[in-house]
Amino acid sequence: MKNSLTLCISLCFGLSLMSQKLTNVEKKLIKTVEKNNTEAIAFLEKVVNINSGTLNKEGVKKVGTIFKTAFEQIEFDSKWIEMPNEMNRAGHLFAETTGKKGKKLLLIGHLDTVFEEDSPFQEFKRINDSTAHAPGGNDMKGGDVIVLYALKALYQQGLLKDAQIIVAFTGDEESTGKPLSISRKDLVDAAKRSDIALGFETSTGFNYATVARRGASGWEVKVKGKRAHSSGVFNERVGAGAIFEMSRILNGFYEDVRGEEFLTFNPGVMMGGTFVEFDAATSKGEVFGKSNVVAQTAVVKGGLRFISEEQKEAARDKMRAIVNENLPHTSAEISFTDSYPAMPPSESNQELLAELNKVSLDLGQGEVKAYDPGKRGAADTSFVAAYVACLDGLGTMGTGAHTPEETVNLKTVEALTKRTALFLYRLINE
Ligand SMILES: [Zn+2]
């Protein structure tokens, strides 16, 4: 990891610097995080060893219950929110303290992992004293543990009084329950009662945080042409056929919509001919067509990623205009589906990053910079970005998320929990 030298310098030599920049209360808070660190790592090991693949509802709830008990021990009002049966998702853990002091905070995590019960990868195993091989240890039970132990240190120092902090650990981040209007309702409602949301998804490096994430959506183009003998193609009666029309449309997208920063769109599957049938559930299809017949139908399904609602809408308008310029004797329509909204790099997100940066510098942990939004996928913070200032990527460091090689870096847990505890302390005292 290219940051390991800076990290070592930061952690090894930061301590002397730190003592000058922190108040006595803050120093005590940091000491408390240190004191609890062995317990935090043991807690992480325990929750990693319980399978909580998104579809293992019992496992997700079991992990949730362990966190619920831990939050109750630090006097958070905790509840398990069930999802309707037909959604086939475990539900979410919400825990909160109520008060009026400083900024109102929403801390976001998730309890589920991509490793279902039939995955061979189930166990927390230490590789050496700094790294553990752990399914969902990095994405993102490690981040959840950082949230818990930062709050626990604040609680033990009596620093949570009169603050409003909502912890939201969803049970279906890796494969969201549909409709989103139900599975993300509690999260959005919590955001509406908050000023700031902090996401503890996998960190992208010790000295980076996420101020922006692209949103994701889908599109589908359906084209109709005139079925006829191929000898008549291009003539006044037959026209261009569906496949030429689809080619024109895709080429138009490529030439005229492509190029804006952070905007990408990808046709993922294409079918054309006399008859086509596509099964969305399995992403498989059947096509019938002949080289001597002008194609009467074509369909393309694709995805679109964007950095703001404005960018998304502008791209959709351009695509619609291209779709409407049909070749002779063809017609085409495009439809769009929304999934993840964008989290744009707003001024308030940048200000939040500046505050985190100051916390990190005061701890002697080095500068924290904005991570390239083009490189991050969508996550739960995206759903609340419209309502609150947001930062994400505040969780543990590690490698290989979503693969059987996933590791979590145990050495950085303490430093990141200190950073989080101090950051939360300053925000609730603003
Ligand atoms: Zn995650």
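In summary, no strands (runs of 3 or more DSSP E) completely within the stretch 247-340 bear 3 or more residues that are more than 19 Å from GLY218 (Cα to Cα) and assigned by TED's automatic domain parsing to the domain that holds PHE383. Among the residues of the stretch 400-411, the one identified as in a strand (DSSP E or B) and within 14 Å of the ligand (Cβ to nearest atom) is VAL408. If you go through the stretch 150-177 and keep only what is open to solvent by less than 10 Å² (accessible area, probe 1.4 Å) and either more than 16 Å from the ligand (Cβ to nearest atom) or of a type in the set (A, V, I, L, M, F, W, C) (or both), you end up with ALA150, LEU151, ALA153, LEU154, ALA163, ILE165, ILE166, VAL167, ALA168, PHE169. If you filter the stretch 178-208 down to residues that are touching a helix residue (DSSP H, G or I) at 6+ places or on another chain (Cβ under 8 Å) and hydroxyl-bearing (Ser, Thr, Tyr), you find that the one that is farthest from the ligand (Cβ to nearest atom) is SER183.
Please pick out the residue among GLU414, GLU351 that is among the acidic types (Asp, Glu), without any contact (Cβ under 8 Å) to a residue 60 or more places away in the chain and outside any loop (DSSP other than H, G, I, E, B). If you could, list the steps in order and put the result at the bottom.
Working: GLU414 fails: without any contact (Cβ under 8 Å) to a residue 60 or more places away in the chain.
Exactly one residue qualifies, and that residue is GLU351.
PHE115 meets each of the listed conditions (1) out of contact with any strand residue (DSSP E or B) (no Cβ under 9 Å at 6 or more places or on another chain); (2) among the aromatic types (Phe, Trp, Tyr); (3) within 16 Å of the ligand (Cβ to nearest atom) apart from (1).
Would you point out the residue of the stretch 209-223, among those that are within 16 Å of the ligand (Cβ to nearest atom) and either free of Cβ contacts under 8 Å to residues at least 12 places away in the same chain or under 30 Å from LYS101 (Cα atoms) (or both), that is surrounded by the fewest Cβ atoms within 10 Å (Cβ to Cβ)? Once the filter is applied, the top-ranked residue is ALA209.
If you go through the stretch 101-112 and keep only what is part of a strand (DSSP E or B), within 16 Å of the ligand (Cβ to nearest atom) and not hydrophobic (A, V, I, L, M, F, W, C), you end up with GLY109, HIS110.
Quick check, is ALA95 touching a strand residue (DSSP E or B) at 6+ places or on another chain (Cβ under 9 Å), away from the ligand (no atom under 15 Å from the Cβ) and modelled with pLDDT of 95 or more?
Working: touching a strand residue (DSSP E or B) at 6+ places or on another chain (Cβ under 9 Å): yes; away from the ligand (no atom under 15 Å from the Cβ): yes; modelled with pLDDT of 95 or more: yes.
So ALA95 fits the description; yes.
The values are calculated or read from the model by the stated rules, or taken from the named source; none is laboratory data. This structure is a prediction, so every number in the text was calculated from the model and none was measured. Methodologically, a virtual Cβ is constructed for each residue, glycine included, from the backbone with ideal geometry; neighbour enumeration extends over all protein chains shown. To get the accessible areas, we keep the full protein, side chains included, count just its heavy atoms, and leave off ligands, DNA and RNA. Shrake-Rupley method; radii C 1.70, N 1.55, O 1.52, S 1.80 Å.
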